[in-house]
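Heads up, the thing below is written out as structure tokens.
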Amino acid sequence: MSEAAELDAPQADTGLPGPLDGIRVVDWTIWQQGPVAGAMLGDLGAEVIKIEERERGDGGRAMLSFDDGKSPYWEMNNRNKKSLAIDLKSEEGVELVRKLIDRSDVFVQNFRPSVAEKIGLDYETLKARNPRLIYCSASAFGPEGPERRSRAYDLLGQARSGFLLRTGHEDEPDTPDGGLADQMGAIMLAYGVLVGLMARERHGVGQKVDTSLLGSMMWLRGLPIVLSLMREGGQQAKSEMARHMKSKVPTRKDPGNPLWNTFKCADGKWLALACVATDPHWPVVMEALGNPPELADERWNDHWGRCANAREATEVLDRIFASRPRQHWLDRLVGLNDLPVSAINTTEEAANDPQALANGYVTELDHPSYGTIRLPGFPVTLSETPARIRRQAPQFGEHTEEVLIDLLGLDWDELARLRDAKVI
């Protein structure tokens, strides 16, 4: 059994345990939506025991892997967990998992309802044995309705929520960002676990928690959804910028505000300006750009004129920004005043952004097999009980013996019998 790799958190180590220290989570999830939630709970100090299929393990082990088998997908989604390899097609294997859940605080699963119900890992069965259990399901489209049992993956969560045809992309679906709905679903699932634990602490009751890809993405898109829902006279509420657009939906060429937009620079890199009120910022931006005479027109003398003529201003700004590299413009814009401006990072640039590194949003782990690896860090800073990566993602079945002996009280003879019977 390998030793868990330790990592010093970017926050000061107070010597206190994590906020979920003493909480045991049984994680029967696959792919990303469920496993990432389990990893987040592990980062917060929970003991997370991952149930894996006895022969092949979680398919995520081979997902997006290198030729040597190393998988960033697996390491990210399953850090801070123990692996219990067990046959859930056998009644004895299921009963062992039930006994483990009897001794746990949280059970998380992201299989379709019929799967858990068929083998007796449904809420009612487990609640009868452990009334204080927080039972969490991550579904496709929610626990009710005609599609409650439907199969779905990340792409369908993005599609069903309207994300792929969001504002500015209504003529053609946008290219999906891999794993976005799964990741958002995982965040909401972990949030649901925390809420369930808090309710149990305050009211003494366990309960069932359900999150879904659809619900999570709908919440992520809360503002455009509510604008669609709340109308007067059939019309949506509009921002001041939208009132000045000539096109039906916001576009980069017709933003409704020339300083709330993105611009391509001479080196092909992009930057973003986010000046809601242009009056205080326009003179500073003009100075940074060298006070271009093309923009010294009365059409752009005040905020409303700039918004009303944003299309024409954007054409001029595009030519100016395209004349120099991005860093030149960032140095000018940031150096003159506290302007809301940023590089539009590629994924690689974001992963190496000095600000992300300074805050621990990207962190390092000394892995016993791979050496030093870099992973996304926990996004919430806790001053007294910081989140930590306490162990690397487990090897297949690495903790089977530990869990069955230490938690369920089995002895070595029983383990040998279970192994011979192909239960573990």
Mean Cβ neighbour count within 10 Å, used as a protection proxy, ranking 366-378, 287-299, 200-212, 256-268 highest first:
256-268, 200-212, 366-378, 287-299
Hey, what do the phi angles of region 147-154 turn into as Karplus ³J(HN,Hα) couplings, whole Hz, using 6.51/-1.76/1.60 and θ = phi - 60°, x for Gly and Pro?
10, 4, 9, 5, 8, 7, 10, 3
State the extension gain, in nm to one decimal, for the chain segment bounded by SER228 and VAL334, taking 0.36 nm per residue of separation less the distance between their alpha-carbons.
34.5 nm
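How many Å³ per residue does the convex hull of the Cα positions in region 34-168 occupy? Each step should come with its number before you reach the end.
Details: hull volume 20.2 nm³, N = 135.
Dividing the Cα hull volume of region 34-168 by its residue count gives 150 Å³.
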Rounded percent of accessible protein surface that carbon and sulfur make up, region 311-357, 1.4 Å probe:
50
LEU16 versus GLU287: modelled label distance in nm, points set 7 Å from Cα along the beta carbon direction:
4.5
Please figure out what share of the DSSP beta bridges in the chain is antiparallel and state it in percent, rounded to the nearest 5.
40
For the chain, with every protein chain kept in place, what is the accessible area per residue (1.4 Å probe, Å²)?
52
When the Debye formula is applied to the Cα atoms of region 315-398, each taken as the same point scatterer, what base-10 log of I(q)/I(0) results at q = 0.16, 0.20 Å⁻¹?
-0.82, -1.03
Normalised radius of gyration for the chain, please: alpha carbon Rg relative to 2.2 N^0.38 Å, two decimal places.
1.19
Taking only C-alpha pairs under 8 Å that are 6+ residues apart, what is the relative contact order of the chain in percent?
23
Magnitude of the Cβ-charge dipole of the chain, K/R +1 and D/E -1, about the Cα centre, nearest 20 debye?
1180
Pairwise label distance in nanometres, ASP254 with HIS203, each label 7 Å out on the Cα-Cβ vector
5.0
Whose amide H sits under 5 Å from the amide H of HIS367, counting only residues 5 or more places off or on another chain, with H placed in the peptide plane?
THR372, ILE373
Could you give each residue of region 415-423 its phi-based ³J(HN,Hα) in whole Hz, using Karplus coefficients 6.51, -1.76, 1.60 with θ = phi - 60°, and x for Gly or Pro?
5, 4, 5, 5, 5, 5, 7, 6, 7
Long-range amide H partners of VAL209, meaning residues 5 or more apart or on another chain whose placed amide H is closer than 5 Å, are TYR135, CYS136, SER137
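Of the peptides 323-331, 186-194, how do they stack up when ordered by the mean number of other Cβ atoms within 10 Å, highest first? Please report the intermediate quantities before stating the final value.
Numbers: 323-331: 15.9, 186-194: 22.1.
Sorting 323-331, 186-194 by mean packing, highest first, produces 186-194, 323-331.
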Please report the Cα spread of region 73-134 along all three principal axes, rounded to whole Å, starting with the longest.
34, 26, 21
Mind jotting down the distance between the C-alpha centroids of region 392-416 and region 260-298, whole Å?
62
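The values are calculated or read from the model by the stated rules, or taken from the named source; none is laboratory data. This is a predicted model, so every value here is computed, not measured. In this analysis, Cβ positions are derived from the backbone assuming ideal geometry, glycine residues included, and neighbour counts consider all displayed protein chains. The protein model used for the area step is the full one, side chains on, heavy atoms only, and it has no ligands, DNA or RNA in it. Shrake-Rupley method; radii C 1.70, N 1.55, O 1.52, S 1.80 Å.
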